[in-house]
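Novice: Below you'll find the structure I mean.
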Amino acid sequence: MSVKKILGDMDYGLAPESPEEVKKWLRQHNSSFGHFIGGNFTNPKNDFKSLNPSNGEVIASLSQASVKDVNNAVKMAKNAFKDWSETEPHQRAKVLYSIARLLQKNSRLFSVLETIDNGKPIRESRDIDIPLAQRHFYYHAGLAQIYKTKIRDMEPIGVCGQIIPWNFPLLMLAWKIAPALAAGNTVVLKPAEYTSLTALLFAEICIEAGVPNGVINIITGDGSVGEMIVGHPDIKKVAFTGSTEVGRIIRKSTAGTGKLLTLELGGKSPFIVFDDADLDSAVEGLVDAIWFNQGQVCCAGSRLLVHESIEEKLHKKIQNRMNKLRVGAPLDKSIDMGAIVDRSQLSKIKKLVSQTEGNVYHAKCELPKKGLYYRPTLITGLSPSDKLMQEEIFGPVLVSTTFRTPKEASDLANDTKYGLAASIWSENINLALGLAPKIKAGVIWVNGTNMFDAAIGFGGVKESGFGREGGWDGLKSYLKYSINFPKQKNNHLKSHSDKETFGLDRTAKLYIGGKQTRPDGGYSQKILDASKNLAGHVPSSNRKDIRNAVEAMNKASSWSNSSGHLRAQIIYFMAENLHARREEFEKRINQMSGRKDGKKEVELSIERLFTYAAWADKFDGTISGVPVRGVGLTMREAVGNIIVFCPPNEPLLSLISCIAPAIAMGNRITTISPFVASLTATDFYQILETSDIPPGVINILTGSHLELASSAASHMDVDSIWSFSEEEITKTIELEAAKNIKRTWCQKNIDWLDNRAAGEMFLDAATETKSIWIPYGEG
Amino acid sequence: MTTKSNQKLTLLPQAISARNTGVDLDLDWVSSIQANTSAIERRASSIGSRRSVKKQHQAAWLLQAIKCMDLTTLSGDDTIGRVKRLCAKAKTPISNALLKNLGLDDIKVGAVCVYHDMIEAAVAKLSGTGIPVAAVSTGFPAGLSPLPLRIAEIEYSVSAGASEIDIVISRRHVLTQNWKALYEEVQAFRKACGSAHIKTILATGELGTLRNVARASAVCMMAGADFIKTSTGKEPVNATLPVSLVMVRAIREYYEKTGYKIGYKPAGGISKAKDALTYLSLIKEELGDQWLNPELFRFGASSLLGDIERQLEHHITGAYSASYRHAMG
């Protein structure tokens, strides 16, 4: 084309990034790859092909891991664990640093390979994915070096099975491997079958970086390989990023196995634009939100909520901007949107859009004739009930609806089963910062979107999963508490001399919503003391009592917004009131246990109340060193509604050890004491009644754990289940929790008398972190 | 003088679209304008990396940058000789040999920009070339001389043959949010310009915030500006991409509301060919292809041309060039 002609039309022309170096690398491997196990590549087996989604060409052939391969990989990782976990922090840091350096030195090779394999624009792999992956290893080299100075009583978990998606192949690998290794774990990682190549190139640099054999193992294949990893008994932790559907399957299949879990799942993240926002910047934010990586981003701002008064204006601006987007060959440096990763994904997007009743606007941009492309799309005129407002599309499709008030904006934002991220656009600091805590999501961006950094946690709430990646919280996801919990002593002595007879019958009830109530079923259970004498009757709760307790907790939701100071005062008051009636409780404990250590337990209980009253206004959030002018704020928020299955032993102390941290952090809690411990629990509500606890914040149930576990864990309005009960209910809880991906914490053998059982372990469980990005600055 | 300016009119905006008549000052509009600095900086920083122009296309784009250049000398030591030299360069910004190689016959810069006292020399030297002479005015660069003198200065320059007047606004009106005063000032300047085109220099480096830049841009356009321009080149900070993004978005908004296309001129600090490509890309993305010509877009630059010449030679020969191989301006 002549210069003269171009001068006339001022087109961009082509600016292709050269694939030559990648081709050379592929040739070196005959374009076929095995697995990376124990520091070596296995012989390639040519089981499936990796395709270039922009032109359908075969890039390489890959191997499908067999049972033997999986076993081998896990074995190698297991063998490597002891040495690696005991390796000096500085040595681990050096290895991670070396990986970071090598990623940087080979950055263009990784970028081009990623783009060829995945279809994302070279600009994104070059400017976003690969630099963020490097950053992750740098950051975690640092954490490996220093984390033990800050995190105590925690240790590496063991072999981690990591399963990652195809949307950010290398970046997700970095998010998984860097913290796992920094913490001292070894890994078996499976990249997505569509996009395995950068993981295999990464395996090569691991050899160069001096990663000890077996510390990182990478095996390829489809979902069945993932299943084998998840199911392997020597895998102690599973970290998964992908769909909520598969996350749920993993939650179920690991139920009751004791495997730890991090799930980073789907989303339908709101993008909220107020009338006082810088609208042009908000529109540009949408480009980064939904037309980034072809919209195949779990935290994509895919649900536009626009202030009604600016709806038309904003939609017009969005449409104009969409028409400027360039869709095409991903290796072209002037491309905004590349190819959809796979034909099946493209069909799914097309099908979902074809079913909508909204007004569909496709960008008027040119599409290449060949390859898997889809136009940037805006669908307006939808109401919250429309399928496309609820379901994740995972493509470049933005759906839109309107709101009138900030309250309505947050209500709409939360009207979803997901809770991954949200963007808020407003020039009013009160409005934006006030809304951030109200939106149920793991990440909030104020006047920005899709900002990521290794220094701050990323992850969801609700059905977007649990666990955090990035920052100190992300590292903790790869550590477990190392407090050595001794086996419990047998607390039920056979003989007892200090008998007591009842002068007047005292009726134990349930305590729900601040009221003593009879159990819905109308059944009670006789409770015998240690001497087999009748100590009283306690209610047998059923599922309706759980329902009522959850409703009471919902009504008490304002407790989460109360100040730490207020919560501390109430907990101190509880301690005061318990102290006033300590003898009664001592007596009861002694009566039921047949021992004489009730006094000690009551004293410890009062101390524990003091401990958590102290924490109520001191378990602070953090400001992380994210690379923006502004703050990356990590707030600790209440998890929400917690149901606890209390243990049979130390009935008062264990009850208080659960209640106090939960309410100190702003949760509402329902405890279910087993019959053997129940009279102490029902005595305790009298303390609650005199301690200014708002109704519904604490609810006390008694009943059979086996009968109640399923109802509690399957309740959609319960955010977390803790169980310190018999191990046999763990599986039920974890299985049922999969229904809405609620958090669970099932821990046996806590020594409640040990003061180390009070503190961060409980506070962590009682809080959810929310990362809030607040870029600031003017002039 | 008058015949010359008539000749030049063919190059000016009204030739391709109606000249901005201005609109009533709309304070609701002004106060609704927002500019989020961080978000604007993020967008600005990705403009250069989202688009890449290579080979023939790059050569063509660089030639376009030359066509959109206000070749400028605004120094206290300017002389007639210096201005004549600059005008010669304006007529032949790149060597004929390079031009021939690129398959073009002729190329010239957008305008020559000088102080008032140099207008006549420039007009004489550029006679018959169609290259307009722009004059900085109204007490440039600070704009703090008496208003009647500033208005008279415009009239002097127009009658000396300048067909474009680059005025400076009173920054204090922006800093005190006295939009009415700013509006009236620019209106008065516009009136004094007559048929000559008025470029309003905002001196963005002295306006404090991008929000002020956005609002001042809107007020200048409402008052009848033909172009809005970033800076005098004398402020500590001159044209930047974030400032440019704000100003071109203001232009887009004004166009959408009134139908008038206003030109944009970033000035000062743009000295590399690569920067010029980024600016052109910014205009193409935010305003569209119709703005990519000297009628609606100008670079105010003095050293940019030299770098472009070297890049063009490199494009043709494949060897990196040296500045001494290109004629001085």
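Novice: I'm told B:K261 meets every condition in (1) in contact (Cβ under 8 Å) with a residue 40 or more places away in the chain; (2) part of a helix (DSSP H, G or I); (3) closer than 26 Å to B:L25 by Cβ except one. Can you identify the failing condition by its number?
Specialist: (2)
Novice: Give me the residue from segment A:258-284 that is in a loop (DSSP other than H, G, I, E, B) and within 15 Å of A:W745 (Cβ to Cβ) and, out of that set, farthest from the other protein chains (Cβ to nearest Cβ).
Specialist: Checking each candidate, the answer is A:G258.
Novice: Report yes if B:I80 is out of contact with any Phe, Trp or Tyr (no Cβ under 8 Å at 6 or more places or on another chain), in contact (Cβ under 8 Å) with a residue 40 or more places away in the chain, over 29 Å from A:S334 (Cβ atoms) and at the interface with chain A (Cβ under 10 Å from one of its Cβ atoms), otherwise no.
Specialist: Considered against the rule, which asks whether it is out of contact with any Phe, Trp or Tyr (no Cβ under 8 Å at 6 or more places or on another chain), in contact (Cβ under 8 Å) with a residue 40 or more places away in the chain, over 29 Å from A:S334 (Cβ atoms) and at the interface with chain A (Cβ under 10 Å from one of its Cβ atoms), B:I80 comes out as no.
Novice: Out of curiosity, is B:R50 closer than 19 Å to B:K265 by Cα, modelled with pLDDT of 95 or more and not small (G, A, S)?
Specialist: No.
Novice: Name every residue in segment A:301-358 that is acidic (D, E), over 33 Å from the mean Cα position of the chain (by Cα) and within 12 Å of chain B (Cβ to nearest Cβ), in order of residue number.
Specialist: Result: A:D332, single match.
Novice: Considering each residue of segment B:205-231, count those that are of a type outside the set (G, A, S) and within 13 Å of chain A (Cβ to nearest Cβ), and give that number.
Specialist: If we filter segment B:205-231 for residues that are of a type outside the set (G, A, S), which is where we start, we get B:206-207, B:209-213, B:215, B:219-222, B:226-230.
Among the residues that remain, those that are also within 13 Å of chain A (Cβ to nearest Cβ) are: B:206-207, B:209-213, B:215.
Count: 8.
Novice: A follow-up question, please. Determine whether A:D280 is touching a Lys or Arg at 6+ places or on another chain (Cβ under 7 Å) and among the charged types (D, E, K, R).
Specialist: yes
Novice: Would you check which residues across segment B:15-38 are more than 7 Å from every other protein chain (Cβ to nearest Cβ) and assigned to a loop (DSSP other than H, G, I, E, B) and list them?
Specialist: Result: B:I16, B:S17, B:A18, B:R19, B:N20, B:T21, B:G22, B:V23, B:D24, B:L25, B:D26, B:I33.
Novice: Are there any helices (runs of 4 or more DSSP H) wholly within segment A:6-107 with 1 or more residues that are hydroxyl-bearing (S, T, Y), and if so which?
Specialist: Output list reads A:67-86, A:89-105.
Novice: For the subset of segment A:1-32 comprising residues that are of a type in the set (K, R) and farther than 23 Å from A:N43 by Cα, which member is nearest to the chain's Cα centre (by Cα)?
Specialist: Result: A:K5.
Novice: Another question about this same structure. For segment A:562-590, what are the residues that are touching a residue at least 60 places away in the same chain (Cβ under 8 Å), within 25 Å of A:A530 (Cα to Cα) and surrounded by 17 or more Cβ atoms within 10 Å (Cβ to Cβ)?
Specialist: A:L578, A:F585, A:R588, A:I589, A:N590
Novice: Give segment B:303-316 a look and list any residue that's under 15 Å from the mean Cα position of the chain (by Cα) and surrounded by fewer than 22 Cβ atoms within 10 Å (Cβ to Cβ), or say none. Break it down into steps so the answer makes sense when it comes.
Specialist: Initially, segment B:303-316 is screened for residues under 15 Å from the mean Cα position of the chain (by Cα), giving B:303-305.
Within segment B:303-316, just B:S303 meets the criteria.
Novice: I've got another one for you. Would you confirm, using the coordinates I've provided, whether B:E120 is more than 30 Å from A:V3 (Cβ to Cβ) and within 14 Å of chain A (Cβ to nearest Cβ)?
Specialist: No.
Novice: Here is a further query. Is at least one residue of segment A:357-375 buried (at least 21 other Cβ atoms within 10 Å of the Cβ) and among the polar types (S, T, N, Q)?
Specialist: The answer is no, given that none of the residues of segment A:357-375 is buried (at least 21 other Cβ atoms within 10 Å of the Cβ) and among the polar types (S, T, N, Q).
Novice: Same structure, new question: Test each condition in (1) under 30 Å from A:D342 (Cα atoms); (2) without any contact (Cβ under 8 Å) to a residue 60 or more places away in the chain; (3) not basic (K, R) for A:N106 and report the one that comes out false.
Specialist: The one condition A:N106 does not meet is (2).
The rows are residues; the columns are (1) more than 31 Å from the chain's Cα centre (by Cα); (2) among the polar types (S, T, N, Q); (3) assigned by TED's automatic domain parsing to the domain that holds A:A178.
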{"residue": "A:H35", "(1), (2), (3)": "no, no, yes"}
{"residue": "A:N52", "(1), (2), (3)": "yes, yes, yes"}
{"residue": "A:A60", "(1), (2), (3)": "yes, no, yes"}
{"residue": "A:K94", "(1), (2), (3)": "no, no, yes"}
{"residue": "A:A100", "(1), (2), (3)": "no, no, yes"}
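Novice: Consider B:P93 against the criteria (1) on the phi < 0 side of the Ramachandran plot; (2) without any contact (Cβ under 8 Å) to a residue 24 or more places away in the chain; (3) in a loop (DSSP other than H, G, I, E, B): it satisfies all of them except one. Which criterion is unmet?
Specialist: (2)
Novice: If a residue has to be in contact with a helix residue (DSSP H, G or I) (Cβ under 6 Å, 6 or more places away or on another chain) and either surrounded by fewer than 24 Cβ atoms within 10 Å (Cβ to Cβ) or without any contact (Cβ under 8 Å) to a residue 60 or more places away in the chain (or both) to count, how many in segment A:215-230 make the cut?
Specialist: Within segment A:215-230, residues that are in contact with a helix residue (DSSP H, G or I) (Cβ under 6 Å, 6 or more places away or on another chain) and either surrounded by fewer than 24 Cβ atoms within 10 Å (Cβ to Cβ) or without any contact (Cβ under 8 Å) to a residue 60 or more places away in the chain (or both) number 2.
Novice: Hey, another quick one. Tally up the residues in segment B:279-291 that are assigned to a helix (DSSP H, G or I), more than 9 Å from chain A (Cβ to nearest Cβ) and within 17 Å of B:K229 (Cα to Cα), please.
Specialist: Of segment B:279-291, the ones assigned to a helix (DSSP H, G or I) are B:279-286, B:289-291.
Those still in the list that are more than 9 Å from chain A (Cβ to nearest Cβ) too: B:279, B:282-283, B:290-291.
Narrowing the set further to residues that are within 17 Å of B:K229 (Cα to Cα) leaves B:279, B:282-283, B:291.
So the count comes out to 4.
Novice: Please determine whether any residue of segment A:243-256 is free of Cβ contacts under 8 Å to residues at least 40 places away in the same chain, among the acidic types (D, E) and within 14 Å of chain B (Cβ to nearest Cβ).
Specialist: no
Novice: Counting just the residues of segment B:39-70 that are out of contact with any Asp or Glu (no Cβ under 7 Å at 6 or more places or on another chain), among the small types (G, A, S) and in a helix (DSSP H, G or I), which one comes out nearest to the other protein chains (Cβ to nearest Cβ)?
Specialist: B:A60
Novice: Consider segment A:148-172. How many of its residues are under 11 Å from A:A183 (Cβ atoms) and either touching a Gly at 6+ places or on another chain (Cβ under 9 Å) or buried (at least 23 other Cβ atoms within 10 Å of the Cβ) (or both)?
Specialist: Total meeting the criteria: 4.
Novice: Can you name every one of the strands (runs of 3 or more DSSP E) wholly within segment A:337-450 that holds 1 or more residues which are out of contact with any Gly (no Cβ under 8 Å at 6 or more places or on another chain) and more than 21 Å from A:K324 (Cβ to Cβ)?
Specialist: A:397-403, A:421-425, A:443-446
Novice: Can I ask one more? Can you spot a residue in segment A:401-421 that is more than 29 Å from A:A239 (Cα to Cα) and within 14 Å of chain B (Cβ to nearest Cβ)? Quick ask: steps written out before the conclusion?
Specialist: Of all residues in segment A:401-421, those more than 29 Å from A:A239 (Cα to Cα) come to A:401-412.
Adding the requirement that they be within 14 Å of chain B (Cβ to nearest Cβ) leaves none.
Checked against the condition, which is being more than 29 Å from A:A239 (Cα to Cα) and within 14 Å of chain B (Cβ to nearest Cβ), segment A:401-421 yields no hits at all.
Novice: Residue pairs, Cβ under 7 Å, 6 or more apart or interchain, first in segment A:59-88 and crowded, with 18+ Cβ neighbours inside 10 Å, second of a type in the set (D, E, K, R). List them.
Specialist: Correct list of pairs: A:I59/A:D117; A:L62/A:D47; A:S63/A:K45; A:S63/A:D47; A:V74/A:D234; A:K78/A:D234.
The values are calculated or read from the model by the stated rules, or taken from the named source; none is laboratory data. Note that the structure is predicted; figures quoted are calculated from it, not measured. Please note: Cβ atoms are built from the backbone with ideal geometry, for glycine as well, and neighbour counts cover all protein chains shown.
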